[in-house]
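The values are calculated or read from the model by the stated rules, or taken from the named source; none is laboratory data. Predicted model only: the values in this text are computed from it and were never measured. Methodologically, a virtual Cβ is constructed for each residue, glycine included, from the backbone with ideal geometry; neighbour enumeration extends over all protein chains shown.
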Amino acid sequence: MTVNTTKSTFGSGVKDGLPYIVVVIPFATLFGVVAVEAGLTIAQTFSFSLLVIAGASQFAALQLMLENAGIVVVLMAALAVNLRMAMYAAALAPHLGSAPFWQRMLIGFLNFDQSYLLSVTRYEDQPLMSVAEKVMYFLGVALLIAPLWCLFTYIGAIFGSSVPATWEASFILPVAFLAMVAPMLKSPAHLAAAFVSIVVALVLTDLPSGSGLLIAAFCAMATGVTVETLLESKA
Amino acid sequence: MSYTQSEIWLIIGLMAIGTFAIRFSFLGLIGTRRIPSLIERMLRFTPVAVLPGMIAPLVLWPTDAINGVTMLHIAAAIITFSTAYATKKVTWGIAIGIALFFGPNLVELL
């Protein structure tokens with residue numbers, strides 16, 4: 001392992017993260033605007049993005065705070081939105097588990113949708129990567145996106161209320177997720193998993209604080225593995 | 001919003017600790033031990049298992065929509081998905097989806 005290869009791996013992480021800027025900047029700005037309008041100070045809004053770095057759960061927490069929900073309810077609902085990241089940690093563990101403890105702490109702190117998605121894809125495409133290269137790639141993605149997330153939250157908080165509510169700017173979220181998922185549907189097993197995820201999530205949508213989504217995800221994973229196994233045994 | 005300043009800071013602090021605990025979980029506890037192959041296999045499906053279930057309610061029951069879901073929501077969702085699926089490019093899907101959904105507002109501004 002030379003310094004040069006890890007450096008260039010960091011660079012490819014940054015490069016692969018670039019398209020996600022289109023999502024992160026408007027979304028971070030929007031969080032800043034909404035949080036300040038809801039009554040948080042600029043310092044609180046900025047700290048929220050800096051310490052939590054999880055868009056969907058930050059919006060969920062804000063929504064419940066606007067409804068004056070109890071603190072325990074706010075925390076449970078918003079953290080339930082983040083539970084999927086435990087699965088990300090488990091998916092990253094076989095690749096990064098032998099990295100030094102402090103590096104795993106840092107990766108844990110920066111383990112969000114984009115850094116996880118891009119890294120796992122890269123690790124599977126290039127199985128010969130060393131652990132040090134895998135860490136650098138992950139940090140390349142994360143250290144591009146996380147500072148922008150914080151910076152544009154701050155900008156949004158300062159320029160506050162200029163986006164009219166009638167725009168429904170939060171619709172950027174499903175648009176971004178749809179665009180992210182579509183290219184991942186590479187096989188019948190992936191399609192079946194996505195279908196089950198949608199159906200179960202819609203049926204269980206009234207279950208409290210995101211728990212329906214967790215059940216849907218579990219059913220979808222089981223479906224994906226089953227379909228994949230069946231197709232393999234046929235082939 | 002009727003929380004005191006310290007209550008807001010408490011929520012932010014506990015969100016930070018809880019989120020870190022979730023994200024670090026298996027990275028910290030398992031270390032170099034291998035995860036059983038069935039679980040590893042299931043985890044490969046996590047993105048396509050979690051994200052579609054997260055998207056569907058957001059499209060059908062948009063949080064900010066005053067009059068509920070409209071043809072524009074559905075059309076933007078379908079066209080975003082089709083574009084990203086056909087091109088295999090995330091950016092194209094997002095660009096076209098945003099242009100379609102927010103285009104009328106942006107045009108009005110000019």
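Just for region A:196-211: of the residues that are more than 8 Å from chain B (Cβ to nearest Cβ) and not β-branched (Val, Ile, Thr), which one is surrounded by the most Cβ atoms within 10 Å (Cβ to Cβ)?
A:GLY210
Output yes when any residue across region A:175-185 is farther than 28 Å from A:VAL72 by Cβ, part of a loop (DSSP other than H, G, I, E, B) and modelled with pLDDT of 80 or more, and no when none is.
Yes, the conditions are met somewhere in region A:175-185.
Quickly run through region B:64-85 and pick out the residues that are over 13 Å from A:LEU178 (Cβ atoms) and surrounded by fewer than 13 Cβ atoms within 10 Å (Cβ to Cβ).
Across region B:64-85, the qualifying residues are B:ASP64, B:ILE66, B:ASN67, B:GLY68, B:THR70, B:MET71.
Those residues that are at the interface with chain A (Cβ under 7 Å from one of its Cβ atoms), more than 25 Å from A:GLY17 (Cβ to Cβ) and more than 17 Å from the chain's Cα centre (by Cα), I need them from region B:64-106; list them, please.
Listed by number, the residues that qualify are B:ALA65, B:ASN105.
Of all residues in region A:21-51, which are over 21 Å from the mean Cα position of the chain (by Cα) and not hydroxyl-bearing (Ser, Thr, Tyr)?
A:VAL36, A:GLU37, A:ALA38, A:GLY39, A:LEU40, A:ILE42, A:ALA43, A:GLN44
Restricting attention to region A:217-235, which residues are hydroxyl-bearing (Ser, Thr, Tyr) and surrounded by fewer than 19 Cβ atoms within 10 Å (Cβ to Cβ)?
Passing the criteria: A:THR226, A:THR229, A:SER233.
Mind listing whichever residues of region A:110-142 are surrounded by fewer than 18 Cβ atoms within 10 Å (Cβ to Cβ) and either assigned to a helix (DSSP H, G or I) or outside the structural domain of A:LEU50 (by TED's automatic domain parsing) (or both)?
Residues satisfying the conditions are A:THR121, A:GLU124, A:ASP125, A:VAL131, A:ALA132.
Checking the structure you have, find out if any residue of region B:3-23 is modelled with pLDDT under 75, among the small types (Gly, Ala, Ser) and part of a helix (DSSP H, G or I).
Within region B:3-23, none of the residues are modelled with pLDDT under 75, among the small types (Gly, Ala, Ser) and part of a helix (DSSP H, G or I).
Could you list, in sequence order, the residues of region A:84-100 that are in a helix (DSSP H, G or I) and either within 30 Å of A:LEU64 (Cβ to Cβ) or within 8 Å of chain B (Cβ to nearest Cβ) (or both)?
If the condition is that a residue be in a helix (DSSP H, G or I) and either within 30 Å of A:LEU64 (Cβ to Cβ) or within 8 Å of chain B (Cβ to nearest Cβ) (or both), then A:ARG84, A:MET85, A:ALA86, A:MET87, A:TYR88, A:ALA89, A:ALA90, A:ALA91, A:LEU92, A:ALA93, A:PRO94, A:LEU96 are the ones that fit.
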